[in-house]
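The values are calculated or read from the model by the stated rules, or taken from the named source; none is laboratory data. Everything numeric here is computed off the predicted structure, so don't read it as measured data. Don't worry about glycine lacking a Cβ; one is built from the backbone with ideal geometry, like all the others, and counts go over all protein chains shown. These area figures cover heavy atoms from the full protein model, side chains too; ligands, DNA and RNA do not enter into them. Shrake-Rupley method; radii C 1.70, N 1.55, O 1.52, S 1.80 Å.
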Amino acid sequence: MGTGKMPKFVGNAEQKVDAKGRVSIPSGFRKVIDIADAARVPGQRPTFYIAYGNTERPCLEGYTTAGLEDLHAKIDALEEGSEGRELAEYLYYTCVRDFQPDEEGRIVLPQDLRDQLGLTGSAIFVGFGDRFEIWDAAAYRSVEMARSAELLKAKGKGYRPQSLFKKSPEQG
């Protein structure tokens, strides 16, 4: 974190969900959540947010306090009354809940969110930089991993994803 940038959610971790809906937030994700809650009073647990409004995808989206503030700034910059802004407001203002991990790093996923995911015992937390997603582990393997594999297959053998990134003038 020496660059002054916020740490990112990376990797994935499968976590058991007990009968009460308790699930442990992966330790690397907890560190990002902790660092990104600058308004937290010492001694308080950090807050993060779960967006659940996009029912067309079988996952929940997790955001740090700083990440949700950045997203809200982008929404606020959209044209007032536009269809895109109204949808974004619904998804990221209305359909959001705040969570604080307990002293063991767990949260309770409410029954309605477990039902929305179709959770069957294990959740997988997947890092996407500024956000993370929570999936039913089996659904993630069958849907999202298969989709990524198909995208890579379509690019052909020897494809290097690093080619997506433009080189800066300093890199030559």
Q) Taking the stated definitions as given, is Glu56 under 20 Å from Thr120 (Cα atoms), outside any strand (DSSP E or B), among the acidic types (Asp, Glu) and free of Cβ contacts under 8 Å to residues at least 60 places away in the same chain? A) yes
Q: Enumerate the pairs (first residue in the stretch 82-100 and more than 15 Å from Thr64 (Cα to Cα) and at pLDDT 95 or above; second residue anywhere and open to solvent by less than 30 Å² (accessible area, probe 1.4 Å) and acidic (Asp, Glu)) with beta-carbon separation below 9 Å, excluding pairs fewer than 6 apart on the same chain, so at least 6 apart or on different chains.
A: Leu91/Glu61
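For the stretch 94-105, give me each residue that is more than 16 Å from the chain's Cα centre (by Cα), of a type outside the set (Asp, Glu) and open to solvent by 30 Å² or more (accessible area, probe 1.4 Å).
Looking only at the stretch 94-105, we keep the residues that are more than 16 Å from the chain's Cα centre (by Cα), and these are 94, 102-105.
If we keep only those that are of a type outside the set (Asp, Glu) as well, we get 94, 105.
Selection gives Thr94 alone.
Consider Leu91 carefully, then state whether it is open to solvent by 80 Å² or more (accessible area, probe 1.4 Å), in a helix (DSSP H, G or I) and aliphatic (A, V, I, L, M). Even if it seems obvious, please write down each step before you answer.
Numbers: open to solvent by 80 Å² or more (accessible area, probe 1.4 Å): no; in a helix (DSSP H, G or I): yes; aliphatic (A, V, I, L, M): yes.
Here the answer is no, as Leu91 does not meet what is asked.
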(Q) I'd like to know if the stretch 132-155 contains one or more residues that are within 16 Å of the chain's Cα centre (by Cα), open to solvent by 40 Å² or more (accessible area, probe 1.4 Å), charged (D, E, K, R) and under 24 Å from Arg40 (Cα atoms). (A) no
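Among Lys5, Lys16, which is the only one that is open to solvent by 60 Å² or more (accessible area, probe 1.4 Å) and touching a residue at least 24 places away in the same chain (Cβ under 8 Å)? Walk me through it before giving the result.
Numbers: Lys5 fails: touching a residue at least 24 places away in the same chain (Cβ under 8 Å).
Testing whether each residue is open to solvent by 60 Å² or more (accessible area, probe 1.4 Å) and touching a residue at least 24 places away in the same chain (Cβ under 8 Å) leaves just Lys16.
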